[in-house]
Amino acid sequence: METNENLTKERYNVGGMTCSACSAHVEKAVSRVRGVEKAEVNLLTNSMTVRYDSKICSQKDIIDAVEEGGYTASLPSDDKSGPSKSKRESPAEIRKKEFGEMKKRLIGSVIFLIPLFYISMGHMMGAPLPSFFHGAENALTFAFTQLLLAFPIVLINKHYFVNGFRNLIKGSPNMDTLIALGSGAALVYGIVAIYRIGYGLGHGDNELVERYMMNLYFESSGTILTLISVGKMLEARAKGKTSSAIEKLLDLAPKTALVERNGQELVLSPEEIQMGDIVIVKAGESAAVDGVIVEGNGVLDQSAVTGESIGVEKTVGDSVIASSINKSGYFKMRAQRVGDDTTLSQIIRLVEDATGSKAPIAKLADKISGVFVPIVIAIALISGAAWLIAGDGLETALSTAISVLVISCPCALGLATPVAIMAGTGKGAENGILIKSASALETAHKLNVVVMDKTGTLTAGKPSVTSLIADSNISETHILAVAAALELKSEHPLAEAVINSAKENNVTPLAASNFEGIFGKGVRGDIDGRNCLAGNLALMRENGIDAVKWEDKSYTLADNGATPLYIAENGRIIGIIGVEDTVKPTASAAIWELKQMGISVVMLSGDNKRTAEAVGKRIGIDRVISEVLPADKEKIIRDLQGEGKLVAMVGDGINDA
């Protein structure tokens, strides 16, 4: 729930919708409630977002409006409550179950439709039929066999008739109503034809028998329901894809957390954590809530939220984001934002809102579908009446009316737009692109600025050794062997890069003893009786080691986007290892292609100005904005939009979404 003064924005689950006419009816019903400013229903996710004045109307008023229209509505929190919460199905499981049910219906319908279609239409294509189906004398056998094959298809798809006629009675006909009327009319006509055949056989009127024998329409009734089942199965499949992004975000949060409360350590679910609780996070665990460290320290992997691949060292007083993984260390944090207020929950809500958003063309389709069904029914009635007035008889009139209903049945208007949007976003997801909303996809062709996040988007997202500078009379192999020896016992992301480099170069790390990790600076240890250090400039200065002659080399590395790692032995620097997040091989080509399309490219980075500009220069980006905090990204995008630009944001962290 989001509240802004008196206006409240809430998301509801809506049940019973089957087409865009349903969603349009729900939107109208809720929009008519006094105090509701805006209601937006998403058919693919069976959800509704409502913005209303909480002083004028309540949640109950909104739910009642939906239920009066013949549908169901509930708050997501209502669905999550109760003792069965731990057994509650995830959105992905619900979608999978729905898809499975649709698939079973389709298979059952096809099993009966194939012989039905063969018996009714096969002879027209020269296919052989058993002799007891031929001739006027076997007309009842021919007709009853088709009825017996059509009836199971109707039973399998009975929900179309239940929903369709229920909504027709309530004065809000939908696509199910068209399906029920079209299929039902064809079925009823076939049954009437059987009675006419019986009458003809009883009175020796073979012409009447043969006429109705060839105009039964049972196959039309079965075909309508089966084809609609194909469309509904594809729709269920599309719905399943919409929940995958949210599922991945939900998976980032730990299922339990260790909480210190009243002197006791308790294992609680994230929902049970209260503001002010002390949460314990050990190495390898992830933070369940947002908070601030009050004891200990750790190296946190925040890549899921920020997209930054290199771990961030955190100590007392530093903030921790929910879902951050503690790569090494141990700390206690005081919970500051819990439940729906955590950064991760807010991002999940953003993705849900994006999933529930509609493209302008989809809104147009909804407006049309709101009047489409009543108009189709009216046209069908007018067509039938016109043929009756023209004197062509009830058979022709009914056949014409059914044709109008049948042609209008396949719900293309309601499905085409959302399925096309899902296909576009799905193809993007296959290529690692999360498109924020439907309207973003529709307006993408008008872009003139693309803002790129650096780490993980333009770069590989994993640090590696790219350069090694050795002092005179010191071999590069020796420097790498010393560095690997010290970093073997470290869990810092830069340590992994050094160890991997030693393996790639077949360098065996030396044996180190008396290892000590100095938080925020580096590591120390003894190798063959020599005191050795590996770390940043602050560590060198702290130990009184002169680094003046290495400063220019260090700046050169930084200019090329690398982080300098000083290696010292017995109070003297013997070399520098350059570690950087390397640029992806396709980055330069992608930037060049965007420029050829007339699109300006801007790079955002949390790195220092020197490193960020080095990467930008290497891949051909002219405008680089560095030292950007995750929270500042949106402001920069808004500033660019304020310049009249149509901006796309490309990033790999979920905060970028």
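The values are calculated or read from the model by the stated rules, or taken from the named source; none is laboratory data. Everything quoted here is computed from the prediction, not taken from an experiment. Counting neighbours? That spans all protein chains shown, and the Cβs are built from the backbone with ideal geometry, glycine included.
Side notes on the structure shown:
- Every condition in (1) assigned to a helix (DSSP H, G or I); (2) modelled with pLDDT of 70 or more holds for residue 364 except the one numbered (2).
- Selected residue (only one of 86, 109 is at pLDDT 90 or above, polar (S, T, N, Q) and assigned to a helix (DSSP H, G or I)): 109
- Exactly one residue out of 62, 56 is modelled with pLDDT of 80 or more, part of a helix (DSSP H, G or I) and of a type in the set (Val, Ile, Thr), and it is 62.
- Residues of the stretch 163-180 classified as modelled with pLDDT under 85 and under 26 Å from residue 120 (Cβ atoms), total: 6
- Condition met for residue 70 (in a loop (DSSP other than H, G, I, E, B) and either surrounded by 14 or more Cβ atoms within 10 Å (Cβ to Cβ) or modelled with pLDDT under 90 (or both)): yes
- If the condition is being surrounded by 18 or more Cβ atoms within 10 Å (Cβ to Cβ), under 27 Å from residue 454 (Cβ atoms) and in contact (Cβ under 8 Å) with a residue 24 or more places away in the chain, then the stretch 538-557 contributes 539, 550, 557.
- On inspection, residue 429 passes the criterion of being at pLDDT below 70, in a helix (DSSP H, G or I) and farther than 23 Å from residue 17 by Cβ.
- Any hit, the stretch 618-641, residues being over 24 Å from residue 512 (Cα atoms), at pLDDT below 85, over 31 Å from the mean Cα position of the chain (by Cα) and among the acidic types (Asp, Glu): yes
- Number of the condition not met by residue 523 [criteria: (1) of a type outside the set (D, E, K, R); (2) in the same structural domain as residue 444 (by TED's automatic domain parsing); (3) farther than 17 Å from residue 467 by Cβ]: (2)
Per-residue answers, yes or no, for (1) assigned by TED's automatic domain parsing to the domain that holds residue 161; (2) over 21 Å from the mean Cα position of the chain (by Cα); (3) free of Cβ contacts under 8 Å to residues at least 24 places away in the same chain:
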position: 12; (1), (2), (3): no, no, no
position: 15; (1), (2), (3): no, no, no
position: 21; (1), (2), (3): no, yes, no
position: 28; (1), (2), (3): no, yes, no
position: 40; (1), (2), (3): no, no, no
position: 55; (1), (2), (3): no, yes, no
position: 58; (1), (2), (3): no, yes, yes
position: 73; (1), (2), (3): no, yes, no
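Okay, residues lined up against (1) closer than 28 Å to residue 375 by Cβ; (2) at pLDDT 90 or above; (3) not basic (Lys, Arg):
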{"residue": "126", "(1), (2), (3)": "no, no, yes"}
{"residue": "137", "(1), (2), (3)": "no, no, yes"}
{"residue": "147", "(1), (2), (3)": "no, yes, yes"}
{"residue": "161", "(1), (2), (3)": "yes, yes, yes"}
{"residue": "183", "(1), (2), (3)": "yes, no, yes"}
{"residue": "199", "(1), (2), (3)": "no, yes, yes"}
{"residue": "208", "(1), (2), (3)": "no, no, yes"}
{"residue": "215", "(1), (2), (3)": "yes, no, yes"}
{"residue": "222", "(1), (2), (3)": "yes, yes, yes"}
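- Residue pairs whose Cβ atoms lie under 7 Å apart, sitting 6 or more positions apart in sequence or on different chains, and linking a residue in the stretch 507-518 that is modelled with pLDDT under 90 and in a strand (DSSP E or B) to a partner that is surrounded by 15 or more Cβ atoms within 10 Å (Cβ to Cβ) and among the β-branched types (Val, Ile, Thr), are 515/523; 516/523; 517/523.
- If the condition is being exposed (fewer than 12 other Cβ atoms within 10 Å of the Cβ) and among the aromatic types (Phe, Trp, Tyr), then the stretch 123-153 contributes only 132.
- Neighbours by Cβ (under 6 Å, 6+ apart or cross-chain): first from the stretch 113-137, over 24 Å from residue 208 (Cβ atoms); second modelled with pLDDT of 80 or more and in a helix (DSSP H, G or I): 113/222; 113/226; 115/149; 117/219
- Count of the stretch 149-179 residues, restricted to those that are touching a helix residue (DSSP H, G or I) at 6+ places or on another chain (Cβ under 6 Å) and outside any helix (DSSP H, G or I), is 4.
- Some residue of the stretch 96-103 being at pLDDT 90 or above, crowded, with 19+ Cβ neighbours inside 10 Å and either assigned to a helix (DSSP H, G or I) or not assigned by TED's automatic domain parsing to the domain that holds residue 193 (or both): no
- Only a single item in (1) part of a helix (DSSP H, G or I); (2) under 27 Å from residue 305 (Cβ atoms); (3) of a type outside the set (Asp, Glu) is not met by residue 602, and it is number (1).
- In the stretch 1-53, residue modelled with the highest pLDDT [restricted to those that are assigned to a loop (DSSP other than H, G, I, E, B) and among the β-branched types (Val, Ile, Thr)]: 33
- Breaking point among (1) crowded, with 20+ Cβ neighbours inside 10 Å; (2) closer than 26 Å to residue 605 by Cβ; (3) of a type outside the set (Asp, Glu), for residue 525: (2)
- Within the stretch 592-617, if we keep just the residues that are charged (D, E, K, R) and within 31 Å of the chain's Cα centre (by Cα), the residue that is surrounded by the fewest Cβ atoms within 10 Å (Cβ to Cβ) turns out to be 593.
- Unique residue being modelled with pLDDT under 65, touching a Ser or Thr at 6+ places or on another chain (Cβ under 8 Å) and small (Gly, Ala, Ser) when the list is 414, 384, 456: 414
- Strands (runs of 3 or more DSSP E) within the stretch 260-342 that include 1 or more residues surrounded by 19 or more Cβ atoms within 10 Å (Cβ to Cβ) and in contact with a helix residue (DSSP H, G or I) (Cβ under 6 Å, 6 or more places away or on another chain): 290-301
- Here residue 208 passes the criteria (1) part of a loop (DSSP other than H, G, I, E, B); (2) without any contact (Cβ under 8 Å) to a residue 24 or more places away in the chain; (3) touching a helix residue (DSSP H, G or I) at 6+ places or on another chain (Cβ under 8 Å) except the one numbered (1).
- Search result, residues across the stretch 541-598 that are among the hydrophobic types (A, V, I, L, M, F, W, C) and in a loop (DSSP other than H, G, I, E, B): 545, 547, 562, 597
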